[in-house]
Amino acid sequence: MSEFKFTRRSLMKWGGVSSGAPLVAAAFGSRAFAQDLGPGNLYVGDVAGRDAERLYTGHPIVGGGQMEIRLNQSIYTDDPHELEVAQRMRPFDPLSWYEEWNRVAQINEEIAQGYEEKGLNVSANRFYLRASRFHRLSIVYQEDTDDTMMAGYNKFREFFDKAYQMVPAPFERVTINVDGNQLGGYFRKPGGPEGTRFPTVIAYQGADSLAENTILGAGGYTSRGMAYLVVDLPGQGAPKRLQNLYMPPDTERLVSPLIDYLETRSDVDSDRIGLRGVSMGGYSAPRAASGDSRIKAVWTTAGSHDVLSDLFEFYTPIQDRVRWIIGADDLADARRKLKDYTVEHVAKNIECPMLIGYGRTDRIMDPEGAYRLYQAAVNSDRQMWSGAGHPHHEEKSGGPKALRLPTDQDWAAVQLGAVTQANV
């Protein structure tokens, strides 16, 4: 894989920046360059994989010597409270992380209450959402046994709900029976004539995702004519914290009931359902697509072939969180259980188009896992997408935010036949 490393200059010299580089296409098959995804995408189809020299591998330390980069807040932000956290907190200190985010959460809570008392509901909504987001940040990396975990999670939910008592919500709350459990989530759709059936995206979240945050980020899809469904599934959000439900290896078991539900809705075109996988969902979404042919397209940021090697062993600071997500007793038990969290023998069953994202210098999910997924999914019209791993690690390590293109949203719109909706 490392033999195929090309510069932008050399690709342009050949006349094929994102879709027509004949040498690479010959080496990896024409499917690697199935489609030009727009002028901003210089490296769509790039299958060069890991950039070891920039990855801070830290060999021979197990896991590549990755530090706990998540427990750091960059000064590169225009949000005054995020900047305060960056200036005040002790980097990589869980207690300091909690205290500083909790402090700014309380500030925003007081501001929101002041606006609510004066009947200024739009402003109250804004600051309740900020309070909710900061409470979520305060506990997002806390150990499951930490006393702050549930208190912070309940505050996060309380102020999210409070925000949408102030103004109408842009989403619908739904409850779906998944694997015998009633799970809550959110459905959001574009505007359109009565009776319109929309192509629909199901979001499969990552290790630290929560449905409330995810649904608020769905606008890039609804503005392109797609509806959006997100449910906290076993191993995530409320099911993990309130119901002790853990993520199984066969994630198709969790996604198929979501499709069953969408098929009952009169505003969903059940022949145009796609599945988006984010972070750890970069394993879960392809695995689910291998077991349910009703999924017409699947795309990932940080695609993964198996959780054990691509995440658990690659980024050691997340090991205890993964243990919690899958319901293992300890790290040794987690390592045993994770042997089943792989697409090795099922990826060949994925027959829908797939966009496999990865980051060359991703320090959380091993980019080589995305390439192994690409190699295994031999019956999918698949395509690699460089620069789509965990970009926030660069920001948290001190650098400015990189430009993040809407590649996945545009690709999904094309694959699902969505009609772009202006001003939605």
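Taken together, the values in this text are just the output of simple stated rules run on the coordinates, not laboratory data. Computed from a predicted structure; not experimentally measured. Counting neighbours? That spans all protein chains shown, and the Cβs are built from the backbone with ideal geometry, glycine included.
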Quiz prompt | Size of charge dipole - the stretch 257-406 - debye, nearest 20, with Cβ of Lys, Arg +1 and Asp, Glu -1, no other charges | solution = 280
Self-check item: Proximal charge balance of residue 278 [Cβ under 11 Å; K/R count +1, D/E count -1]
Solution: -1
Exercise. Provide the gained length on full extension for the span residue 330 to residue 173, in nm with one decimal, where the gain is 0.36 nm per separating residue minus the Cα-Cα distance.
Key: 53.0 nm
Quiz item: Going 7 Å from the Cα of residue 351 toward and past its Cβ, which residues in the stretch 284-299 have a backbone nitrogen under 17 Å from where you end up?
Solution: 287-298
Quiz item: Binning every alpha carbon pair distance of the stretch 168-225 at 10 Å from zero, what are the percents per bin?
Solution: 19, 51, 26, 4
Practice problem: Determine the sum of side-chain charges near residue 288: Lys and Arg each +1, Asp and Glu each -1, restricted to other residues whose C-beta is under 9 angstrom from that of residue 288. | Solution: -1
Quiz item: Using the Cα gyration tensor of the stretch 132-221, with a ≥ b ≥ c the square roots of its eigenvalues, what is the shape: rounded (a/c below 1.5), prolate (a/b larger than b/c) or oblate (neither)?
Solution: prolate
Exercise. Note down the net charge around residue 234, summing +1 for each Lys or Arg and -1 for each Asp or Glu among other residues with Cβ under 12 Å from its Cβ.
Key: 0
Quiz item: For residue 243 and residue 83 in one chain, what is 0.36 nm times their gap in residues minus the Cα-Cα distance, to one decimal in nm?
Solution: 54.1 nm
Quiz item: Of the cross-linked pairs 118/155; 118/189; 296/337, which ones have a Cα-Cα span greater than 25 Å in the structure shown?
Solution: 118/189; 296/337
Practice problem: Largest first and in whole Å, give the semi-axes of the stretch 255-363's equivalent ellipsoid, each being the square root of 5 times a Cα gyration tensor eigenvalue. | Solution: 28, 16, 12
Exercise. Please order 175, 145, 407 by the number of other Cβ within 10 Å, starting at the fewest.
Key: 145, 175, 407
Quiz item: Roughly how many nanometres apart are two label points built 7 Å out from the Cα toward the Cβ at residue 344 and residue 271?
Solution: 3.9
Quiz item: In what order do 233, 254 fall by count of nearby beta-carbon atoms within 10 Å, going from fewest to most?
Solution: 254, 233
Quiz item: By how many nm would the segment from residue 250 to residue 106 grow when fully extended, if each residue of separation counts as 0.36 nm and the alpha-carbon distance is taken off?
Solution: 47.8 nm
Self-check item: residue 309/residue 123 FRET efficiency (R0 35 Å; Cβ-Cβ; nearest 0.05)
Solution: 0.15
Quiz item: Give me the Kirkwood hydrodynamic radius of the stretch 227-306 in Å, from all C-alpha pairs, to one decimal place?
Solution: 13.0
